[in-house]
Amino acid sequence: MRLSPIIVSNFCPSSLLKNPPDLQNGDRSQLPFSYREFLAERDEILKNKRILSQRAGHDVDFDSALMDWVTNHRANWMASRARQNSVA
């Protein structure tokens, strides 16, 4: 999986952009912390999109899923992540 320079430019050093790690096995441990957090949040938004789409019976667009997630779930998720990261 190649990482898009547009998406990761604010999260990754240029050396990582030139030679991104192989993420085929799903191992994100080589990535910078901020980018791992971005990916984790994106995963949650996509999970919310899937749930909303199933409830609605049709595909819900990403922007709607994002707004729903930010409004209803992000604060609790961020607090949970902060607790996990402080323990680790």
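The values are calculated or read from the model by the stated rules, or taken from the named source; none is laboratory data. All figures in this text were calculated on a predicted structure; none of them were measured in a lab. With ideal geometry, Cβ positions are generated from the backbone for all residues, glycine too; neighbour counts draw on all protein chains shown.
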Criterion violated by Asp43 - all others in (1) outside any helix (DSSP H, G or I); (2) among the acidic types (Asp, Glu); (3) within 21 Å of Arg28 (Cα to Cα) satisfied: (1)
Consider Leu31 carefully, then state whether it is at pLDDT below 60 and within 14 Å of the chain's Cα centre (by Cα). no
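Here is a yes/no grid of residues against (1) modelled with pLDDT under 95; (2) of a type in the set (Val, Ile, Thr); (3) surrounded by 13 or more Cβ atoms within 10 Å (Cβ to Cβ); (4) in contact with a Ser or Thr (Cβ under 6 Å, 6 or more places away or on another chain):
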{"residue": "Ile51", "(1), (2), (3), (4)": "no, yes, yes, no"}
{"residue": "Ala56", "(1), (2), (3), (4)": "no, no, no, no"}
{"residue": "Thr71", "(1), (2), (3), (4)": "no, yes, no, no"}
{"residue": "Trp77", "(1), (2), (3), (4)": "yes, no, yes, no"}
{"residue": "Arg81", "(1), (2), (3), (4)": "yes, no, yes, no"}
{"residue": "Ala88", "(1), (2), (3), (4)": "yes, no, no, no"}
